[in-house]
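The values are calculated or read from the model by the stated rules, or taken from the named source; none is laboratory data. These figures come from a predicted structure and were not determined experimentally. Every residue, glycine among them, receives a Cβ derived from its backbone with ideal geometry; neighbour counts consider all protein chains shown.
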Amino acid sequence: MAAKTELGRFPTADRVIFLVFLILISTPLVVLIGLPIPISESTRKSYELMNSLKSGDVLVMCFEMDVGAFPALGPGDMAALKHAFTMVKEKGIKVIIFGTYESGVKIYIDKILQETKEYWESLNYGVDWVNFGWIPGHETAMATFARDVHTACSVDVYGTPVDELPIMKDIKTINDVTGIWYTTYSSPDMLPRQWSPLEWPGLKWTICSTLFGTVSWLMPYVNAGSITSYVADQRGGAEYEVLIGKRGLGCKFMDAQSLGHIYGIALIIGSNVYYLYTHAKKPKRKEE
Amino acid sequence: MLKSRNVRRSEENMEWVLIVEAVMMLLIWSFLYRESLFYRLGEHILIGIYLGFSIYMGIDVLLKRVFVPLLSGNVTVGLALSIILGFLFYTRYVKPVSFMSRWSVAVLTGCGSAVAVSGAIKAMIVGQLPQGSWFAEGITGFNNFVMSIATVFVIVYFLFTFKPTRLLKSSAKFGRFWLMICFGVMLGTFLLSNIGYPIGMAMKLLTPPALYVTIIAILLIAADALYRRIKGT
Amino acid sequence: MAVILKRGEIPIILFTVVSGIILFSYFTGLIPEVADELIGWSIILVSFSYILGLVTLLRYHLVRIRKREKYWPYSAILLAFFLMFLVSGLLGGVGGYEGIAVSKEFKDFLWLHMLAPLQTGVLSYVGFYMYTVFFRGARTRSWDIGIMLITAILLMLYTAPIGAAIWPGFVPIGAWLKDVANSGAYRGIMIGVGIGLIALWLRAVLGYEKSYLGGGR
């Protein structure tokens with residue numbers, strides 16, 4: 001099946017594939033199917049780790065994200081934020097939010113905060129939680145945060161110096177942080193390299209929220225203990241929503257995901273059947 | 001007094017905003033039908049805004065971390081040196097002194113690579129070497145055994161330093177078997193990540209008022225396809 | 001003096017000294033304040049470098065407009081949106097200073113309601129292309145590709161909730177493949193990557209690797 005291409009457009013077969021895909025994923029968004037969502041062990045463990053936070057514990061939520069990737073990891077992050085802010089109210093934990101990846105992380109943080117506004121509106125900013133926006137430097141920013149929090153987070157997103165933020169008074173290094181929720185849509189390597197509970201005794205656990213395709217990359221770190229647990233992509237986000245009892249975007253997307261996957265499997269099987277059929281039909285060359 | 005919170009007037013109830021979002025998404029997605037001025041328009045708007053945003057964020061961080069401390073007199077030797085190095089970046093545009101920009105690049109890359117290497121040794125090499133006991137209870141022992149075998153033979157596959165003997169070749173082949181499982185897992189799990197974006201977009205496009213824009217776009221595409229079919233192009 | 005300053009060895013020496021101090025501090029625990037200071041510099045240097053690459057892009061588009069090259073109106077649109085965002089952003093408040101509220105609202109609008117959907121659209125292309133890969137590329141030409149495709153199908157049935165609805169057995173099989181079989185192989189890759197990182201650092205220290213400096217003298 002050689003593809004004939006013209007400049008500026010896909011082959012007809014490809015365009016038909018795109019169209020069928022769009023129809024398949026759009027159908028469940030209009031007509032609710034409502035397949036059950038089994039909870040994976042990793043998401044359950046992540047939920048229990050977050051739930052284990054006690055009064056006075058510090059939770060860092062670091063987002064290595066761009067707002068364009070919101071559909072993939074946004075549902076999970078919003079569920080985690082809702083959970084975190086609920087615990088601020090109920091248990092008195094402290095929450096620190098920032099991102100170190102690209103400058104676009106600030107938009108992403110703004111967006112997820114906007115979507116979860118009702119959960120933090122009544123909280124005391126600067127005392128219960130704080131937002132540092134974008135801390136440039138990626139891995140070096142993470143390294144600086146681990147060793148000297150006040151240097152890395154010198155001003156919050158509004159320009160308030162860190163010394164004027166009551167929440168940051170007793171947080172000097174990463175050993176003063178209890179747990180980290182780390183979201184990334186790129187490489188997860190930086191988390192175990194810079195913020196591993198094995199290396200920093202005060203840090204109890206880290207959770208990595210990442211794309212499903214990156215989970216296989218992540219598993220060796222999880223097995224070694226450099227990352228405690230993970231939440232995978234939209235599916236993990238949907239599971240987390242079920243666990244906190246607040247179904248949202250993630251759950252809505254799962255039916256469309258199911259149909260998309262079945263379509264992918266059908267294409268693989270179909271193209272292989274066609275290939276084997278045409279391959280079998282070709283006369284075999286006799287070896288001389 | 002602390003600023004209270006990250007306030008932004010909620011615009012979700014402003015329908016025209018949703019229409020603008022839908023138009024932007026459809027401009028980019030028009031490429032799936034064919035490349036057109038609509039797609040190019042979306043592409044250049046994206047790059048233009050991102051360019052502006054990147055410069056804005058750079059200026060924002062520089063003001064907060066460099067110039068405000070500078071103007072308020074909180075200057076240390078370290079800060080002064082880092083500011084000088086920062087400005088040296090821009091000497092690349094002045095030919096006689098453009099060599100100085102490489103000094104800043106060297107310092108920045110030195111920091112980054114040292115941080116990466118120190119983490120790599122601990123997490124990527126030393127952290128991966130210990131394997132669980134093969135004689136642990138239940139299936140754990142078997143799993144540990146499988147993981148160890150897979151690790152060893154994949155490393156053998158990437159050994160290019162030695163002459164490929166028969167043993168090395170068959171070991172590498174077995175390593176390739178494990179690599180194929182690894183790539184299959186990546187391919188299978190990658191799909192969920194990558195179709196998450198079109199699903200998110202489709203949901204927005206099927207919700208009124210964006211739905212009306214979507215319907216207009218579909219009608220335009222259908223008309224164009226029909227026209228081209230009649231014309232024979 | 002100028003000739004000495006222009007020598008290509010100076011950046012390599014700077015690279016070596018800076019990375020050497022940080023690594024020395026990391027492994028011995030000595031002089032942590034010096035290492036932390038150097039790491040802190042990188043945050044500031046990154047902010048300076050951010051503006052750098054964008055100047056090149058601006059120059060390219062300005063030349064296109066001036067020379068009226070093909071598709072120059074698109075470059076004009078690009079620059080128009082660039083200026084709109086930058087000006088509204090600076091007027092709307094920057095560096096912790098308050099600005100004009102209307103300007104900030106406009107900047108936020110460009111941000112959230114134009115940039116975000118465009119970005120998501122570009123990211124979504126990969127999803128579509130994966131299906132064309134399945135259609136054209138996923139053919140079992142040999143045993144190893146067959147293993148890869150079978151594993152991929154099993155994992156797809158594991159990740160999607162419908163897999164568990166079709167047959168619950170897909171879940172433990174998929175989980176085993178992901179957590180055990182794949183982990184082992186990935187460990188091997190990771191060890192290789194870690195060694196490669198160290199080798200690359202050594203090459204940079206010894207002066208064999210100069211691509212980060214612009215590829216030459």
Exercise. Got a number for residues in the range A:67-85 being more than 10 Å from chain B (Cβ to nearest Cβ) and in contact (Cβ under 8 Å) with a residue 60 or more places away in the chain?
Worked result: 8
Exercise. Out of (1) on the phi > 0 side of the Ramachandran plot; (2) out of contact with any Leu (no Cβ under 6 Å at 6 or more places or on another chain), what's the single condition that is false for residue A:214?
Worked result: (1)
For this session: Tell me, please, whether a residue that is modelled with pLDDT under 85, surrounded by 13 or more Cβ atoms within 10 Å (Cβ to Cβ) and small (Gly, Ala, Ser) can be found in the range C:21-31.
Result: no
For this session: Pairs only if they're at least six apart or on different chains, beta carbon under 7 angstrom, first in the range A:166-180 and closer than 19 Å to residue A:87 by Cα and of a type in the set (Asp, Glu), second at pLDDT 95 or above and not in a loop (DSSP other than H, G, I, E, B); list them, first residue then second.
Result: A:176/A:58
Exercise. Out of all the residues in the range C:106-127, is one or more more than 7 Å from chain B (Cβ to nearest Cβ), under 28 Å from the mean Cα position of the chain (by Cα) and basic (Lys, Arg)?
Worked result: yes
Problem set entry | Residue ID - farthest from the chain's Cα centre (by Cα), chosen from residues in the range C:186-217 that are over 18 Å from residue A:192 (Cβ atoms) and among the hydrophobic types (A, V, I, L, M, F, W, C) | C:206
For this session: Determine which member of the set A:235, A:247 is in contact with an Asp or Glu (Cβ under 7 Å, 6 or more places away or on another chain) and among the charged types (D, E, K, R).
Result: A:247
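Table: residues versus (1) more than 9 Å from chain B (Cβ to nearest Cβ); (2) among the hydroxyl-bearing types (Ser, Thr, Tyr); (3) touching an Asp or Glu at 6+ places or on another chain (Cβ under 7 Å).
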| residue | (1), (2), (3) |
| --- | --- |
| C:7 | no, no, no |
| C:13 | no, no, no |
| C:26 | no, yes, no |
| C:34 | yes, no, no |
| C:38 | no, no, no |
| C:47 | no, yes, no |
Exercise. For the range B:159-174, which residues satisfy the criterion of being free of Cβ contacts under 8 Å to residues at least 12 places away in the same chain, under 37 Å from the mean Cα position of the chain (by Cα) and not in a helix (DSSP H, G or I)?
Worked result: B:160, B:161, B:162
Seminar exercise, completed: Scanning the range A:107-128 residue by residue, those crowded, with 19+ Cβ neighbours inside 10 Å, within 17 Å of residue A:249 (Cα to Cα) and acidic (Asp, Glu) turn out to be A:115
Problem set entry | Which listed residue is closer than 23 Å to residue B:121 by Cβ, of a type outside the set (D, E, K, R) and surrounded by 24 or more Cβ atoms within 10 Å (Cβ to Cβ), from A:221, A:240 | A:221
Exercise. Do we have any residue at all in the range A:242-257 that's free of Cβ contacts under 8 Å to residues at least 12 places away in the same chain and within 8 Å of chain B (Cβ to nearest Cβ)?
Worked result: no
Exercise. If you check residue B:117 against the conditions, is it part of a helix (DSSP H, G or I) and under 31 Å from the mean Cα position of the chain (by Cα)?
Worked result: yes
Problem set entry | Residue list for the range A:97-138, restricted to those being among the hydroxyl-bearing types (Ser, Thr, Tyr) and in contact (Cβ under 8 Å) with a residue 40 or more places away in the chain | A:100, A:101, A:108
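Quick grid of which residues meet (1) surrounded by 21 or more Cβ atoms within 10 Å (Cβ to Cβ); (2) β-branched (Val, Ile, Thr); (3) more than 26 Å from residue A:198 (Cβ to Cβ):
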site: B:90; (1), (2), (3): no, no, yes
site: B:112; (1), (2), (3): yes, no, no
site: B:130; (1), (2), (3): no, no, no
site: B:134; (1), (2), (3): no, no, no
site: B:138; (1), (2), (3): no, no, no
site: B:149; (1), (2), (3): no, yes, no
site: B:162; (1), (2), (3): no, no, yes
site: B:166; (1), (2), (3): no, no, yes
site: B:169; (1), (2), (3): no, no, yes
Exercise. From C:18, C:34, C:46, which residue is in contact with a His (Cβ under 9 Å, 6 or more places away or on another chain) and surrounded by 13 or more Cβ atoms within 10 Å (Cβ to Cβ)?
Worked result: C:46
For this session: Could you please let me know if residue B:82 is over 30 Å from residue A:131 (Cβ atoms) and at pLDDT 85 or above?
Result: no
Problem set entry | Checking residue C:144 against (1) in contact with a helix residue (DSSP H, G or I) (Cβ under 8 Å, 6 or more places away or on another chain); (2) more than 10 Å from chain A (Cβ to nearest Cβ); (3) modelled with pLDDT of 90 or more, the condition it does not meet | (3)
Exercise. Taking the condition within 19 Å of residue C:146 (Cβ to Cβ) and surrounded by fewer than 23 Cβ atoms within 10 Å (Cβ to Cβ), does residue B:180 pass?
Worked result: yes
Problem set entry | Count - residues of the range B:17-40 that are at the interface with chain C (Cβ under 7 Å from one of its Cβ atoms) and aliphatic (A, V, I, L, M) | 6
Seminar exercise, completed: Filtering the range B:196-206 for residues that are within 7 Å of another protein chain (Cβ to nearest Cβ), over 14 Å from residue A:232 (Cβ atoms) and part of a helix (DSSP H, G or I) leaves a count of 7
Exercise. Could you count how many residues in the range B:173-195 are more than 7 Å from every other protein chain (Cβ to nearest Cβ) and at pLDDT below 90?
Worked result: 1
Problem set entry | Unmet criterion (only one of (1) among the basic types (Lys, Arg); (2) surrounded by fewer than 18 Cβ atoms within 10 Å (Cβ to Cβ); (3) under 32 Å from the mean Cα position of the chain (by Cα)) for residue B:102 | (2)
For this session: Could you pull out every one of the strands (runs of 3 or more DSSP E) wholly within the range A:129-237 that has 2 or more residues that are within 13 Å of chain C (Cβ to nearest Cβ) and over 28 Å from residue C:175 (Cβ atoms)?
Result: A:129-134
